[in-house]
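FYI, it's all coordinate maths here, none of it is from the lab. Note that the coordinates shown come from a computational prediction; the quantities given were computed from them, not determined experimentally. Heads up, the Cβs are rebuilt from the backbone with ideal geometry, glycines too, and the neighbour counts pull from every protein chain shown.
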Amino acid sequence: MIEDKRQIVTQVLGSYYQKGDEHLYHCPYCNHHKKKMSVNFANGYWKCWICDARGKNIYRIVRKFGTYQQRQKYLELQGRLDLNEFDNLFRELNSIEEKQHIDVPEEFISLCNKDLPIETTDAFR
C-alpha cells in the first residue's frame, strides 16, 4: 500500500531519490532546482527544507497538484470515502420511514396555535 501511495506521489511530483526513510522530490510550492521536499510515507509527513511548506497528510499534496483520478486512487488507498458515493451509503436507511409517536400530557398546549389561551402569554414570551 505504501508502494502504491509512493507511485501516485511520484506521478504528481516527478522523480525522487531515497535517503533512509525519506523520499526527496522537487517542491511544487517553491520550485527549487534541487530535490528538497522530503516525504516520509511511513508516518505520512512531508516538508520542504527551502520554503518550509509542510504537512502531516500526504494527501494534501495529491489534492493540490494531482489529477482527479490520482486523488480518487489515493483516497481509495487510504480507505477514505469518496463524497460522490456518500448518498449511496445512506440510501436504504433514508428509504425506511418510521412513524414517531410522542405521548404528551393532557394539559399540553402548543405555542404554534393561532388561538392561544391567556395563560400561555408568559411561556410564549
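Reducing the range 34-65 and the range 1-31 to their Cα centroids gives an inter-centroid distance of 8 Å. Once the Cα atoms are used to define both axes, helix 2-13 deviates from the longest principal axis of the chain by about 80 degrees. So which residue, out of E107, E22, E98, gets the largest mean-square fluctuation from a GNM of the chain using Cα contacts under 10 Å as springs? Comparing E107, E22, E98 in the GNM, the peak value goes to E107. For the chain, the longest principal axis of the alpha carbon atoms and the long axis of helix 68-78 meet at an angle near 80°.
In a simple Cβ point-charge model (Lys, Arg +1; Asp, Glu -1; nothing else charged), the range 2-82 has a dipole of about 260 debye relative to its Cα centre.
Bridgeable lysines around K47 (alpha carbons under 18 Å apart, same-chain partners fewer than 8 residues away excluded): K5, K19, K34, K35, K36, K56, K64.
Per residue of the chain, the DSSP helices (runs of n ≥ 4 H) give a summed -39500 (n - 2.57) that works out to -8500 deg cm²/dmol at 222 nm.
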